[in-house]
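First up is the structure itself, then whatever we jot down about it.
The values are calculated or read from the model by the stated rules, or taken from the named source; none is laboratory data. None of the values given here were measured: they were computed from a predicted structure. Cβ atoms come from the backbone with ideal geometry, glycine included; neighbour counts cover every protein chain shown.
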2 protein chains.
Amino acid sequence: MSARIIDGTFIASQIRQSVSPGVAAFTARAGRPPCLGIVLVGEDPASGTYVRNKVKAGTESGLHVDLRRLSSSASLDELLAVVRELNASDRHDGILVQAPLPAALGRGAAQQVFDTIDPAKDVDGFSPVSVGRLVQGRALLAPCTPSGVIEMLDRCGITMSGARAVVIGRSEIVGKPMAMLLLQRDATVTVCHSKTPDLPGVGRDADILVAAIGRAGFVTRDFVKPGATVIDVGINRVTDASTAEGLFGASSARMADFAKRGSLVVGDVHPNVAEVAGALTPVPGGVGPLTIAMLLKNTLAAAEARAKSS
Amino acid sequence: MSARIIDGTFIASQIRQSVSPGVAAFTARAGRPPCLGIVLVGEDPASGTYVRNKVKAGTESGLHVDLRRLSSSASLDELLAVVRELNASDRHDGILVQAPLPAALGRGAAQQVFDTIDPAKDVDGFSPVSVGRLVQGRALLAPCTPSGVIEMLDRCGITMSGARAVVIGRSEIVGKPMAMLLLQRDATVTVCHSKTPDLPGVGRDADILVAAIGRAGFVTRDFVKPGATVIDVGINRVTDASTAEGLFGASSARMADFAKRGSLVVGDVHPNVAEVAGALTPVPGGVGPLTIAMLLKNTLAAAEARAKSS
């Protein structure tokens, strides 16, 4: 048995196509395209790549993307000042501050940023009001990664109502909102984490298993009930040849890739899960593209809601 | 085997005693006691009883309780005006609007009230900001019933970390915040509900089982793993003799009570659970008194936080 591989890139392109007419209509009505402000602090290469992809996807979809760069020595006050400027700006519909922030800004920096972003422009869905409204089942803007997973399940015809869903990981960004969204779709939802005894046993209860822990290949076939849908949210860079070989085998195409680049991007799900799962998202090309597509969708939704309320 | 019965009334009195020194110290510092505004709309007899108990408990603990009554014909605008007045009042530290509101106010009335209450005074913890902060693990004011359950488990020495917890019910008031609080205490948490197939089977996974569905005696011994802790959040009035007899047996003390009063208050947990559970909260005298004790604690916390920030 070999799992059906869910093509996230294709689904994301469908979502992006479905956003385009709304962007065109908004632009015609408003006399300007929906505008997404992205704030990037510092020089983290992975963050640089993510932001570049977001700018490209947004621009291709007809959004105006306003990228603000702050140097890695910027203070939290400077960052918050930019957020407040974008809050006050009439032409900015969405605001995204790329995570992670430089450690020098201090531990509570991200939370202070999320507390400052106007909930009406909070396309990441991390402000307290956005989180509260999500729990209450009336989110305007839900976090992009978990809402992308819901879209993906819908578009693949995978039934959530009545299903057992298990989310491994309890982050603010994925695990908790993922659990809330699955619950709203009438799944029976279990959240487990590093303190859970017998994670594989809990995982095997799942009809839908979401891995969001940030540990390369952690979820092996022992965690998976035969036929289950496995959603891999992890994005981990492996730079160690023996780890990569342990995951993919010495003579695999991925190892050839590793030899060429010196690293691999891998998910939280071990390749051997494909032998038992019914459906599986790959990394890369699974949930990642969905996250960006939902960001565009959220930006349009924010623009439309702001236009309606003004 | 017979379950240890958890004495909620005793635990609540301990919590109330622990609040008193704080209330006295606040009163000495501020020159006035912490003040809780309670708004009661209409003539629902159960709500009348709850409010009377809250006023009594608050007053006994040294709080000033300001009860505002609105007639059952009051409009939503009138109700929101009272909430705004209490928001603006410097001497009111906490605001509680007793649920349920009269149906005539419309379906979204409660949510509009919670959206209006100043989060700094939101002693019920139902405003979107309060809910968001709870999910983010930095609640100032957590909803009283689920936080009372956490206090109860702590004071009974029941370990949450690493335990399997199952919450039956997904209300905004109990189910969802209960799940979040248990997760913060490192339990592995499952939320199930009316769409869950095999509820008894899921229940039997639980080391800690919380029933919050509002159906008299729904959770029978089939739902319970031997030795589990069972928390009964239900408060249901049974007025039908055969239902009462089905729960308690014809010759029980509770049936004698029923004969005297014509009704009984019963939980969501069937009496036969006492034969398998390790520990069990009774109804009445279990979670109910905790809810009021936590309301007093929240009012003091709100008063202290407001004093600090002013």
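Could you tell me whether A:A211 is within 21 Å of the chain's Cα centre (by Cα), farther than 24 Å from A:Q98 by Cβ and buried (at least 24 other Cβ atoms within 10 Å of the Cβ)? Walk me through it before giving the result.
Values: within 21 Å of the chain's Cα centre (by Cα): yes; farther than 24 Å from A:Q98 by Cβ: no; buried (at least 24 other Cβ atoms within 10 Å of the Cβ): yes.
Answer is no for this residue.
Here is a list: A:G227, A:G262, A:G217, A:G246. Which entry is modelled with pLDDT under 95 and on the phi > 0 side of the Ramachandran plot? Explain how you work it out, then say what you get.
Details: A:G227 fails: modelled with pLDDT under 95; A:G217 fails: modelled with pLDDT under 95; A:G246 fails: on the phi > 0 side of the Ramachandran plot.
Only one candidate qualifies: A:G262.
Going through A:V219, A:V174 one at a time, which residue ends up being of a type outside the set (S, T, Y), more than 8 Å from chain B (Cβ to nearest Cβ) and touching a His at 6+ places or on another chain (Cβ under 8 Å)? Steps first, answer last, please.
Values: A:V174 fails: touching a His at 6+ places or on another chain (Cβ under 8 Å).
Checking each option against the conditions leaves just A:V219.
Yes/no per residue for (1) surrounded by 22 or more Cβ atoms within 10 Å (Cβ to Cβ); (2) in the same structural domain as A:R221 (by TED's automatic domain parsing); (3) among the hydrophobic types (A, V, I, L, M, F, W, C); (4) over 16 Å from A:R306 (Cβ atoms):
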site	(1), (2), (3), (4)
A:S61	yes, no, no, yes
A:H64	no, no, no, no
A:R84	no, no, no, yes
A:V97	yes, no, yes, yes
A:L101	yes, no, yes, yes
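Output the qualifying pairs, or none if there are none: Cβ atoms under 8 angstrom, residues six or more apart or on different chains, first residue in the range B:39-60 and closer than 16 Å to B:P289 by Cβ, second residue β-branched (V, I, T) and in a helix (DSSP H, G or I).
Matching pairs, first to second residue: B:N53/B:I292; B:K54/B:I292; B:A57/B:I292; B:G58/B:T299.
Could you grab the pairs with beta carbons closer than 6 Å, sequence gap of 6+ or different chains, first residue in the range A:101-114 and under 12 Å from B:R138 (Cβ atoms), second one assigned to a loop (DSSP other than H, G, I, E, B) and of a type in the set (A, V, I, L, M, F, W, C)?
Taking only residues 6 or more apart or on different chains, the pairs are A:F114/A:F126.
Might you let me know whether the range A:67-74 holds any residue that is in a helix (DSSP H, G or I) and exposed (fewer than 14 other Cβ atoms within 10 Å of the Cβ)? Spell out the reasoning first.
So the first thing to find is which residues in the range A:67-74 are in a helix (DSSP H, G or I), and the list is none.
No, the range A:67-74 has no match at all.
In the range B:113-125, how many are more than 12 Å from every other protein chain (Cβ to nearest Cβ) and assigned to a helix (DSSP H, G or I)? Write out each step before concluding.
Step one: list which residues in the range B:113-125 are more than 12 Å from every other protein chain (Cβ to nearest Cβ), which gives B:113, B:116-118, B:120-121, B:123-124.
Within this subset, residues satisfying the condition of being assigned to a helix (DSSP H, G or I) are B:113, B:116, B:120-121.
Counting residues in the range B:113-125 that are more than 12 Å from every other protein chain (Cβ to nearest Cβ) and assigned to a helix (DSSP H, G or I) gives 4.
Each row is one residue, and each column tells you yes or no for (1) of a type outside the set (V, I, T); (2) farther than 22 Å from B:D268 by Cα; (3) surrounded by fewer than 22 Cβ atoms within 10 Å (Cβ to Cβ).
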site: B:R138; (1), (2), (3): yes, yes, yes
site: B:T159; (1), (2), (3): no, yes, yes
site: B:I168; (1), (2), (3): no, no, no
site: B:L182; (1), (2), (3): yes, no, no
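If you scan the range B:126-164, which residues turn out to be more than 10 Å from chain A (Cβ to nearest Cβ) and not in a loop (DSSP other than H, G, I, E, B)?
Correct list: B:C144, B:T145, B:P146, B:S147, B:G148, B:V149, B:I150, B:E151, B:M152, B:L153, B:D154, B:R155.
Residue-by-condition table, conditions (1) surrounded by 13 or more Cβ atoms within 10 Å (Cβ to Cβ); (2) among the small types (G, A, S); (3) in the same structural domain as A:P102 (by TED's automatic domain parsing):
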| site | (1), (2), (3) |
| --- | --- |
| A:I5 | yes, no, no |
| A:G8 | yes, yes, no |
| A:I15 | yes, no, no |
| A:V19 | yes, no, no |
| A:P34 | yes, no, yes |
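Only one residue in A:D268, A:D240 is without any contact (Cβ under 8 Å) to a residue 12 or more places away in the chain and either farther than 19 Å from A:I208 by Cα or not assigned by TED's automatic domain parsing to the domain that holds A:N87 (or both), so which one is that? Even if it seems obvious, please write down each step before you answer.
Values: A:D268 fails: without any contact (Cβ under 8 Å) to a residue 12 or more places away in the chain.
None of the other options fit; the residue is A:D240.
Considering only residues that are farther than 11 Å from A:V166 by Cβ and more than 8 Å from chain B (Cβ to nearest Cβ), look in the range A:181-195 and name the one that is nearest to the chain's Cα centre (by Cα).
Looking at the filtered set, the residue picked out is A:L181.
Exactly one condition in (1) modelled with pLDDT under 95; (2) among the small types (G, A, S); (3) under 30 Å from A:R170 (Cα atoms) is not met by A:G234; state its number.
Answer for A:G234: the failing condition is (1).
Limited to the range B:149-195, what total is found for residues that are touching a residue at least 24 places away in the same chain (Cβ under 8 Å) and of a type in the set (S, T, Y)?
The total comes to 4.
Residue under question is A:V238, and the condition is that it be surrounded by 15 or more Cβ atoms within 10 Å (Cβ to Cβ), more than 22 Å from A:D7 (Cα to Cα) and in contact with a strand residue (DSSP E or B) (Cβ under 7 Å, 6 or more places away or on another chain); does it hold?
Working: surrounded by 15 or more Cβ atoms within 10 Å (Cβ to Cβ): yes; more than 22 Å from A:D7 (Cα to Cα): yes; in contact with a strand residue (DSSP E or B) (Cβ under 7 Å, 6 or more places away or on another chain): yes.
So A:V238 fits the description; yes.
Looking for something surrounded by 24 or more Cβ atoms within 10 Å (Cβ to Cβ), more than 7 Å from chain A (Cβ to nearest Cβ) and under 14 Å from the mean Cα position of the chain (by Cα) - is there at least one such residue anywhere in the range B:196-207?
So far as the range B:196-207 goes, no, none of its residues is surrounded by 24 or more Cβ atoms within 10 Å (Cβ to Cβ), more than 7 Å from chain A (Cβ to nearest Cβ) and under 14 Å from the mean Cα position of the chain (by Cα).
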